[in-house]
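Colleague: Just passing along the structure, written as structure tokens.
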Amino acid sequence: MSETSVQLRSQISLGTGNISLDSTGNPIPPIGLTQARRHAKAKPRFVEFACSHVEVYRYVALVTNAVIPKSFWGSRVNLKLVLRRELRFRS
């Protein structure tokens, strides 16, 4: 197996030229300038992915509860202490 035998879907093969890819990796054919402009306006902006500190805290708390076994904490008080410190760290 060589480097050129397998290409990821997001990579453009050498023979295709300059083709844009959408967010799912599908090619966007250059049909017309107006369609290209419409597609560029429809792309999500980085700012749209922003979230509040509270949402981040809730996510961290859920992941912590799911990943770390309850026996690790010893008691619920220890878990709450760590989550409070994490909240201060994020703020």
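The values are calculated or read from the model by the stated rules, or taken from the named source; none is laboratory data. The structure presented is a predicted model; accordingly, all values stated were derived computationally and were not measured. Note that we place each Cβ from the backbone using ideal geometry, even for glycine, and neighbour counts take in every protein chain shown. For accessibility, only protein heavy atoms count, side chains too; no ligands or nucleic acids. Shrake-Rupley method; radii C 1.70, N 1.55, O 1.52, S 1.80 Å.
Colleague: Which whole-number value in Å² is the accessible area per residue of region 45-91, probe 1.4 Å? Let's see the in-between values first.
Modeller: On the way: 4260 Å² over 47 residues.
Spelled out: the 1.4 Å probe surface of region 45-91, per residue, equals 91 Å².
Colleague: Given H placed on each backbone N at 1.01 Å, which residues far from SER20 in sequence or on other chains put an amide H within less than 5 Å of it?
Modeller: Amide H to amide H, under 5 Å and 5 or more residues apart or across chains, SER20 pairs with ILE28.
Colleague: Once the Cβ-Cβ distance between LEU87 and VAL47 is put in as r, and R0 is 25 Å, what FRET efficiency do you end up with, to the nearest 0.05? Don't skip to the answer; put the middle values down first.
Modeller: Values: r = 24 Å, r/R0 = 0.96.
The value I calculate is 0.55.
Colleague: Sorting LYS70, LYS80, LYS41 by accessible area (1.4 Å probe), largest first, what list results?
Modeller: Details: LYS70 145, LYS80 110, LYS41 165 Å².
From most exposed to least exposed: LYS41, LYS70, LYS80.
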